[in-house]
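Report on the structure given below.
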Amino acid sequence: MAEPKATIVPVDPATPDPAVLARLGAALRAGALVAFPTETVYGLGADATNPAAVAGIFAAKDRPSSDPLIVHLADLAQLPAVTGRTLAELPPAVARLAAACWPGPLTLILPRGPAIPASVAAGLATVGVRLPAHPVARALIQAAGVPVAAPSANRFGHTSPTTAQHVFADLGERIPWIIDGGPSLVGVESTILDVTQSPPRVLRPGGISVEVLGAALGEPVAFQERAAVADDAAQAPGMLLSHYAPRARLLVFDGDDVAATWARAIAEAHELAAQGQRVGALAPDDLAADFAAAGAVAVARLGALTDPAAVARHLFAALRQLDDAGVDSIVTGSFARAGLGLAVRDRLWRAAGGVVIPVEDATEREA
Ligand code: TXA
Ligand code: MG
């Protein structure tokens with residue numbers, strides 16, 4: 001952690017300069033940490049086969065060693081090196097999902113091969129594997145010539161970064177290189193699917209919807225919304241409630257009547273503003289003016305309520321924007337349980353510390 005301030009290296013997101021990526025790929029292979037764009041969020045990369053480099057990731061993020069990392073590949077040819085098995089020796093779902101969803105925002109939980117140190121996977125016999133779609137990520141991993149372990153490039157527990165500037169704000173003093181390939185277009189992390197279970201089970205909803213996974217597999221995947229899960233052990237390790245937490249108090253109004261949750265959120269903004277609080281709002285575009293009229297001093301627009309992919313793309317930057325505005329409280333409403341809406345709901349629920357306010361009974365308000 002005696003590294004100097006990070007150098008931000010801009011590249012063209014679609015056609016990155018091969019000479020630049022060759023240099024940074026060599027740095028990765030030599031053991032350095034390199035933050036890079038992916039289609040979901042920015043990752044903090046290290047050579048997944050090098051225990052010292054992997055230890056650097058945990059140190060830079062202040063991440064507990066009990067929270068396993070995802071290993072990123074440039075192509076399917078690297079799969080045997082990471083899992084110790086050929087595609088034919090892996091569960092049959094893997095080939096189907098790889099054909100339908102890779103490269104893309106899907107992480108598969110697979111057996112961990114001997115080339116991947118236990119520390120990558122927090123000692124588990126499995127490893128999360130993803131083949132990202134972003135041209136810069138793929139070219140970097142290709143240039144490195146090794147599988148790349150990469151968590152989201154934020155301080156542990158903080159909001160995931162969707163720009164190089166977000167990475168710099170969290171880790172600029174701790175890592176040498178940040179590749180700037182512009183904003184991440186998915187905006188929430190990959191969907192994590194455990195294919196060692198039958199039927200395969202979603203451990204974290206993310207950039208690929210459960211509907212798309214079910215269609216690729218020809219059978220529905222198992223998914224239980226986190227709020228309805230009593231047993232935390234049933235979820236992916238490391239999925240702590242304190243994740244994505246903004247500094248401000250976040251109030252999420254939730255309920256099946258989505259319109260009613262937004263009406264309640266606007267009323268709450270009004271009430272808190274009247275009490276003298278600086279109120280921020282995470283608002284769909286068509287309700288932004290209502291939140292401003294209610295007295296919110298900062299309104300972060302998420303896109304249309306009917307477009308959960310847009311909401312996902314804007315969510316993390318919006319949380320950072322409201323924190324930067326120095327608000328006391330952030331209010332928001334409910335998103336539909338479909339498509340990327342599941343990922344949005346999960347991240348909001350987590351950012352609120354696992355406490356949402358049911359609109360039917362909004363009198364209880366745990367901080
Ligand atoms: O989109 C993404 O997945 C981003 C980009 C950079 O690829 N990465 C990311 O990594 O979100 P991270 O470290 O922030 O989240 C990884 C999570 C862990 O916290 C854990 O919940 C789960 O993936 N995970 C990793 N390996 C696992 C394993 N072997 N079994 C179960 N869960 C695992
Ligand atoms: Mg993360």
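Each reported figure results from applying straightforward, stated rules to the coordinates on display, with no laboratory input. Since we're looking at a predicted model, the values are computed, not measured. Glycine also receives a Cβ, built like all others from the backbone with ideal geometry; neighbour counts cover every protein chain displayed.
Dipole size of the chain about its Cα centre, with +1 on Lys/Arg Cβ and -1 on Asp/Glu Cβ: approximately 1040 debye, rounded to the nearest 20.
Once you reduce the stretch 254-293 and the stretch 185-208 to the center of their Cα atoms, the two points are 31 Å from each other.
What the pair-distance distribution of the stretch 249-366 shows, using all Cα-Cα distances binned every 10 Å from zero, is 16, 52, 30, 2 percent. Rg and Dmax, both from the Cα atoms of the stretch 76-197 and both in Å, are 15.1, 44.
Based on alpha-carbon atoms only, what is the radius of gyration of the stretch 7-223 relative to the globular estimate 2.2 N^0.38 Å?
Working it through for the stretch 7-223, the quotient is 0.94.
With the charge dipole of the stretch 7-223 set up from +1 on Lys and Arg Cβ and -1 on Asp and Glu Cβ about the Cα centre, the Cα lying farthest toward the positive end among the listed residues T162, G45, H134 is that of G45.
Packing, as the average of other Cβ atoms within 10 Å across residues, places the peptides 69-78, 209-218 in the order 69-78, 209-218, highest first. With only the Cα atoms considered, the chain has a convex hull volume of 128 Å³ per residue. Remark: the stretch 294-335 is approximated by an ellipsoid whose semi-axes, taken from the C-alpha gyration tensor as √(5λ), come to 19, 12, 8 Å, largest first. Ranking L79, A260, L213 by how far each Cα lies toward the positive end of the dipole of the chain (charges on Cβ) leaves L79 at the top. Each Lys and Arg contributes +1 and each Asp and Glu -1, all at the Cβ; summed about the Cα centre of the stretch 1-63, the dipole is approximately 180 debye. Below 8 Å, C-alpha to C-alpha, sequence gap of six or more: please give me the relative contact order for the stretch 249-366 in percent. Relative contact order of the stretch 249-366: 36 percent. The charge dipole of the stretch 7-223, taken about its Cα centre with unit charges on the Cβ of Lys, Arg, Asp and Glu (plus for the first two, minus for the last two), comes to roughly 340 debye. Using a cutoff of 8 angstrom between alpha carbon atoms and counting only pairs six or more residues apart, the relative contact order for the stretch 84-174 works out to 20 percent.
Can you tell me how much longer the chain between R85 and D17 gets when fully stretched, taken as 0.36 nm per residue apart minus their C-alpha distance, in nm with one decimal?
Working: separation 68, 0.36 × 68 = 24.48 nm, distance 3.35 nm.
Additional length available on full extension: 21.1 nm.
Counted residue by residue at 0.36 nm each, then reduced by the alpha carbon distance between them, the extension gain from R249 to T7 reaches 83.8 nm. Please name which of V195, G31, A88 has its Cα lying farthest along the dipole of the chain towards the positive end, using unit charges on Cβ (Lys, Arg +1; Asp, Glu -1) and the Cα centre as origin. Selected residue: G31.
Among 292-298, 132-138, what's the highest-first ranking by average C-beta atoms within 10 angstrom per residue?
Working: 292-298: 19.0, 132-138: 23.7.
Order by mean packing, descending: 132-138, 292-298.
Reported value for the stretch 76-134: 81 Å³ per residue, from the convex hull of its C-alpha atoms. For the stretch 128-170 versus the stretch 309-330, the spacing of their alpha-carbon centroids is 21 Å.
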